[in-house]
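The values are calculated or read from the model by the stated rules, or taken from the named source; none is laboratory data. Everything quoted here is computed from the prediction, not taken from an experiment. Cβ: placed from backbone, ideal geometry, glycine included. Neighbour counts: every protein chain shown.
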Amino acid sequence: MRVVIAGSSGFLGSHVAGALRRVGHTVTGLTRLPTDDPTMSTWDPGSGRYDPDLFEQADAVIGVTGSSLFRNPRSRSWQRELFDSRVQPTRVLAEAVASSSRKPTFLSGNGSSWYGDHGSEPVEESSESRGDALLTQVTRAWQDATEPARAAGARVVVLRTAPVMDRRGITLRLLTALFTACLGGRLGDGRQGFPVISLRDWVGAAVHALHREEVEGPVNLCCPETPTNAEFTAALAQLVHRPALLPAPAPLIRAALGPAAPELLRSLDLVPKVLQETGYQFRDPDVAAVLRAGTEQLDG
């Protein structure tokens, strides 16, 4: 299989590219820089430029682009970059897929923020999107950008990803440092559903979705047993052998993070129904296993 990946040098993209190469697929990464590397191809999503022959030959396209969430949440430029780094590249990829006579499968990154706050009710792929929090708006626009590929008849899979917990990524690396310094604690009252997934299950689920033709539309990427934030906090504190001493009250989180606060305070009991129904076998089914795999940086 010939696979094109946008974001192949990033945290998720580099690992899924490696996994695909290990099972014999040919992977070409997209870069904004001029390149003579035969495994890379230059594109410019800002102007919509890319090599159409690359997409004409592709069996699948994967888009996992996006700027970091860890910047000043009150910055207007950061908020614009959240949209621009996800929506525009995805639209270009979708249009490239639509223009290809092969109509390759398109796997598009996305986030569990699409759902908004659902309290304690289980949230499957058919659940609605609620509210107008910043990251919910971003993920809606991100998903809408895949429409040209879907309308052209391509198989489109939207990867609604929970936070990926691995110390090679910034989220768990920062949290581990905080908890090790005894600066960690639950967020708000801690009762909110707090979905997570290990890196090896994210990669495994993405590869599963690519290979299974019946997988189409949104797919929840999360461990099967969603912890509460308090359970996540307790599991991480136990893993680093430190007490979780500093809970962050909801008003403080809202004051500090502004438009990003709903991402930490909303409750989401996410269910990976599509993955379960199509036979994906999770390596790390609960928060303890996810954190253990992430801190030990397990791939296999």
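Restricting to region 247-300, what's the tally of residues that are more than 30 Å from His208 (Cα to Cα) and either among the small types (Gly, Ala, Ser) or at pLDDT 95 or above (or both)?
Kept after step one, since they are more than 30 Å from His208 (Cα to Cα), are these residues of region 247-300: 247-262, 265.
If we keep only those that are either among the small types (Gly, Ala, Ser) or at pLDDT 95 or above (or both) too, we end up with 248, 250, 255-256, 258, 260-261.
Number of matching residues: 7.
Would you say Ala255 is buried (at least 16 other Cβ atoms within 10 Å of the Cβ), over 20 Å from the mean Cα position of the chain (by Cα) and in a helix (DSSP H, G or I)?
Judged against the criteria, Ala255 is not a match.
Just for region 85-118: of the residues that are assigned to a loop (DSSP other than H, G, I, E, B) and at pLDDT 95 or above, which one is surrounded by the fewest Cβ atoms within 10 Å (Cβ to Cβ)?
Once the filter is applied, the top-ranked residue is Ser101.
Mind checking which strands (runs of 3 or more DSSP E) fall wholly inside region 2-84 and carry at least 1 residues that are at pLDDT 95 or above, touching a Phe, Trp or Tyr at 6+ places or on another chain (Cβ under 7 Å) and β-branched (Val, Ile, Thr)?
2-6, 60-63
Please work out if Arg191 is farther than 30 Å from Val61 by Cα, among the basic types (Lys, Arg), in contact with a strand residue (DSSP E or B) (Cβ under 8 Å, 6 or more places away or on another chain) and surrounded by fewer than 17 Cβ atoms within 10 Å (Cβ to Cβ).
Judged against the criteria, Arg191 is a match.
Applying the selection to region 274-300, what residues are assigned to a helix (DSSP H, G or I) and not β-branched (Val, Ile, Thr)?
So the first thing to find is which residues in region 274-300 are assigned to a helix (DSSP H, G or I), and the list is 274-277, 287-296.
Passing the criteria: Leu275, Gln276, Glu277, Ala288, Ala289, Leu291, Arg292, Ala293, Gly294, Glu296.
When you scan region 288-299, do you find a residue that is without any contact (Cβ under 8 Å) to a residue 24 or more places away in the chain, farther than 29 Å from Gln79 by Cβ, surrounded by fewer than 19 Cβ atoms within 10 Å (Cβ to Cβ) and of a type in the set (A, V, I, L, M, F, W, C), even just one?
no
Is region 265-273 home to any residue that is over 25 Å from Leu159 (Cα atoms) and crowded, with 17+ Cβ neighbours inside 10 Å?
No, the conditions are met nowhere in region 265-273.
Listed residues Ala235, Ala261; which is closer than 28 Å to His15 by Cα and crowded, with 16+ Cβ neighbours inside 10 Å? Can you show your working first?
Values: Ala261 fails: closer than 28 Å to His15 by Cα.
From the options Ala235, Ala261, the qualifying one is Ala235.
Could you list, in sequence order, all residues of region 122-148 that are closer than 20 Å to Ser100 by Cβ and part of a loop (DSSP other than H, G, I, E, B)?
Step one: list which residues in region 122-148 are closer than 20 Å to Ser100 by Cβ, which gives 145-148.
Across region 122-148, the qualifying residues are Ala145, Thr146.
Please find, among Arg22, Arg32, the residue that is closer than 23 Å to Ala141 by Cβ, out of contact with any Lys or Arg (no Cβ under 6 Å at 6 or more places or on another chain) and surrounded by fewer than 16 Cβ atoms within 10 Å (Cβ to Cβ).
Details: Arg22 fails: closer than 23 Å to Ala141 by Cβ.
Going through Arg22, Arg32 in turn, just one is closer than 23 Å to Ala141 by Cβ, out of contact with any Lys or Arg (no Cβ under 6 Å at 6 or more places or on another chain) and surrounded by fewer than 16 Cβ atoms within 10 Å (Cβ to Cβ): Arg32.
Answer with yes or no whether Glu81 is of a type in the set (D, E, K, R) and within 21 Å of the chain's Cα centre (by Cα). Can you show your working first?
On the way: of a type in the set (D, E, K, R): yes; within 21 Å of the chain's Cα centre (by Cα): yes.
Yes; evaluated as a whole, the condition is true for this residue.
Among the residues of region 115-140 satisfying the criterion of being touching a Pro at 6+ places or on another chain (Cβ under 8 Å) and of a type in the set (A, V, I, L, M, F, W, C), which is nearest to Ser85 (Cα to Cα)?
By that ranking, first place goes to Leu135.
Does at least one position in region 66-73 carry a residue that is over 27 Å from Val207 (Cβ atoms), out of contact with any strand residue (DSSP E or B) (no Cβ under 9 Å at 6 or more places or on another chain) and free of Cβ contacts under 8 Å to residues at least 24 places away in the same chain?
Yes: one or more hits.
Listed here are the residues, each with its yes/no results for (1) among the β-branched types (Val, Ile, Thr); (2) at pLDDT 95 or above.
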{"position": "Glu125", "(1), (2)": "no, yes"}
{"position": "Leu135", "(1), (2)": "no, no"}
{"position": "Trp142", "(1), (2)": "no, yes"}
{"position": "Thr146", "(1), (2)": "yes, yes"}
{"position": "Gly153", "(1), (2)": "no, yes"}
{"position": "Leu159", "(1), (2)": "no, yes"}
{"position": "Arg167", "(1), (2)": "no, no"}
